[in-house]
């Protein structure tokens, strides 16, 4: 999970952006633990997490989107072009001959995350410098590539056939937000599916 414009926001805003990044780190690490994950690395505008089940990672990403949008950000942070509130306006029809009413939905508010989720095996070792687990493997690079293809507040998933059946069991309410599509080992092209909360 990466934060859009984190470095530029710190350069332009200074301390309010630094505080926002600390709040981001606190929110996403707490959600990670609540979803059964392990925070591998959390630095300025980046959170790398590992989960036993891919469905838990997707739930974590969606919950982070919701909580970041609902968080009480400072006015200085919300004034930044990288963290400002984005709204969507819709016109809803009332009935025959009656004018429709305008409805406003907040799409994002505060830091905008770009999340990439991938499935695969990793090598885990305890780092002598930090005494924390350090993960290596192709899946780590693949997740970063998938996240780089995401837009603001979007979760992109590199879907492999195994593991995603659990999503239907663990989070049936989230299934409508997911698009499932498998990819075999012989296929080289990354298949990315978008998930929006």
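The values are calculated or read from the model by the stated rules, or taken from the named source; none is laboratory data. Since the structure is predicted, the reported quantities are computational estimates derived from the model, not experimental observations. Quick reminder, even Gly has a Cβ in these numbers, built from the backbone with ideal geometry, and neighbours come from all protein chains shown.
For the reader, a short list of remarks on this structure follows.
- Inclusion of residue 114 among residues that are assigned to a strand (DSSP E or B) and in contact with a helix residue (DSSP H, G or I) (Cβ under 8 Å, 6 or more places away or on another chain) is warranted.
- Residues in segment 106-129 that are within 14 Å of residue 64 (Cα to Cα) and at pLDDT below 85 were compared, and the one that is nearest to the chain's Cα centre (by Cα) is 108.
- Some residue of segment 151-174 being within 19 Å of the chain's Cα centre (by Cα), at pLDDT 75 or above and either loosely packed, with under 12 Cβ neighbours inside 10 Å or part of a helix (DSSP H, G or I) (or both): yes
- When 194, 148 are checked against the criterion of being at pLDDT below 50, at negative phi and surrounded by 11 or more Cβ atoms within 10 Å (Cβ to Cβ), 194 stands alone in meeting it.
- Matching strands (runs of 3 or more DSSP E) fully within segment 1-101 where at least 3 residues are under 14 Å from the mean Cα position of the chain (by Cα) and either more than 14 Å from residue 113 (Cα to Cα) or touching a residue at least 12 places away in the same chain (Cβ under 8 Å) (or both): 46-50
- Condition check for residue 68: under 12 Å from residue 111 (Cα atoms) and crowded, with 22+ Cβ neighbours inside 10 Å: yes
- Yes/no for residue 87 being surrounded by fewer than 12 Cβ atoms within 10 Å (Cβ to Cβ), at pLDDT 85 or above and in contact with a strand residue (DSSP E or B) (Cβ under 7 Å, 6 or more places away or on another chain): yes
- Residue match in segment 111-124 (condition: free of Cβ contacts under 8 Å to residues at least 40 places away in the same chain, over 25 Å from residue 34 (Cα atoms) and exposed (fewer than 11 other Cβ atoms within 10 Å of the Cβ)): no
- Checklist (1) under 18 Å from residue 85 (Cα atoms); (2) in contact with a helix residue (DSSP H, G or I) (Cβ under 6 Å, 6 or more places away or on another chain); (3) surrounded by fewer than 18 Cβ atoms within 10 Å (Cβ to Cβ) applied to residue 44, failing item: (1)
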